[in-house]
1. Hey, does the stretch A:90-103 have a residue that's β-branched (Val, Ile, Thr), over 27 Å from residue B:9 (Cβ atoms), within 14 Å of another protein chain (Cβ to nearest Cβ) and in a loop (DSSP other than H, G, I, E, B)?
2. So if I check each of B:65, B:16, which one is closer than 28 Å to residue A:113 by Cα and either more than 9 Å from the chain's Cα centre (by Cα) or assigned to a strand (DSSP E or B) (or both)?
3. When the residues of the stretch B:28-60 are narrowed to those that are surrounded by 17 or more Cβ atoms within 10 Å (Cβ to Cβ) and among the aromatic types (Phe, Trp, Tyr), which ends up farthest from residue B:87 (Cα to Cα)?
4. Pick from A:25, A:50: which is at pLDDT 95 or above and buried (at least 16 other Cβ atoms within 10 Å of the Cβ)?
5. For the stretch A:26-43, what are the residues that are part of a strand (DSSP E or B) and either of a type in the set (A, V, I, L, M, F, W, C) or in contact (Cβ under 8 Å) with a residue 24 or more places away in the chain (or both)?
6. Which number in (1) of a type in the set (Gly, Ala, Ser); (2) in a loop (DSSP other than H, G, I, E, B); (3) within 14 Å of chain B (Cβ to nearest Cβ) marks the one condition that residue A:108 misses?
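The values are calculated or read from the model by the stated rules, or taken from the named source; none is laboratory data. As the structure is a computational prediction, the values presented were derived from the model and not from experiment. Note that each Cβ is placed from the backbone with ideal geometry, even for glycine, and that neighbours are counted across all protein chains shown.
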Amino acid sequence: DGGITQSPKYLFRKEGQNVTLSCEQNLNHDAMYWYRQDPGQGLRLIYYSQIVNDFQKGDIAEGYSVSREKKESFPLTVTSAQKNPTAFYLCASAKRRVGYLGGMNTEAFFGQGTRLTVV
Amino acid sequence: AQSVSQHNHHVILSEAASLELGCNYSYGGTVNLFWYVQYPGQHLQLLLKYFSGDPLVKGIKGFEAEFIKSKFSFNLRKPSVQWSDTAEYFCAVNDMRFGAGTRLTVKP
């Protein structure tokens, strides 16, 4: 089955610890994205990557880090610098539209999300 | 940076009522526009998309949206909603920047 897998579904961490959320896709998509979803605020873009070994900050990148060493994988680390890390995190991927450069992709496919609780 | 505004935070309708959810974007160049839906407990999924061509786009489950370039808008419509349309609806632009979402509650 093709799709995006986020793991784990629920994650608990103590304040001050870094934590890494996994996102894997087998759709052969070039682009991958990380979002944070909070009630009433929609999906806010944390980081995105259009190609392996390259990624860009989104709108709320502070306190987060990512890597894109493989096309299939785009892990997100929530660092201790993130002031309010408790949230629902969504990963997505998209295919590059043929003939377009620089960010014009097809629709995004989403994982099931990881709910992170920091206590 | 590109941004998306959704005007309605929560919309409550009775079954068979007509629906229109607003979406405005701020970007002057070529746009790709999307509407996604998130049913309770489910993944976000695509309702419809606009890349080019006919500005009236038809999607799944009887939804449609109209791209009006002069108004920077891409409003979502459905002539007659059903209880099963109860969900959260998100508008998105180009590089997957999303609006804040509109929660739709349809009363049976």
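1. Taking every residue of the stretch A:90-103 in turn, at least one turns out to be β-branched (Val, Ile, Thr), over 27 Å from residue B:9 (Cβ atoms), within 14 Å of another protein chain (Cβ to nearest Cβ) and in a loop (DSSP other than H, G, I, E, B).
2. Step by step, each of B:65, B:16 is checked, and only B:65 is closer than 28 Å to residue A:113 by Cα and either more than 9 Å from the chain's Cα centre (by Cα) or assigned to a strand (DSSP E or B) (or both).
3. Across the stretch B:28-60, the extreme among qualifying residues is B:50.
4. The conditions single out A:25.
5. Selection gives A:31, A:32, A:33, A:34, A:35, A:36, A:37, A:38, A:43.
6. All conditions are met except number (2).
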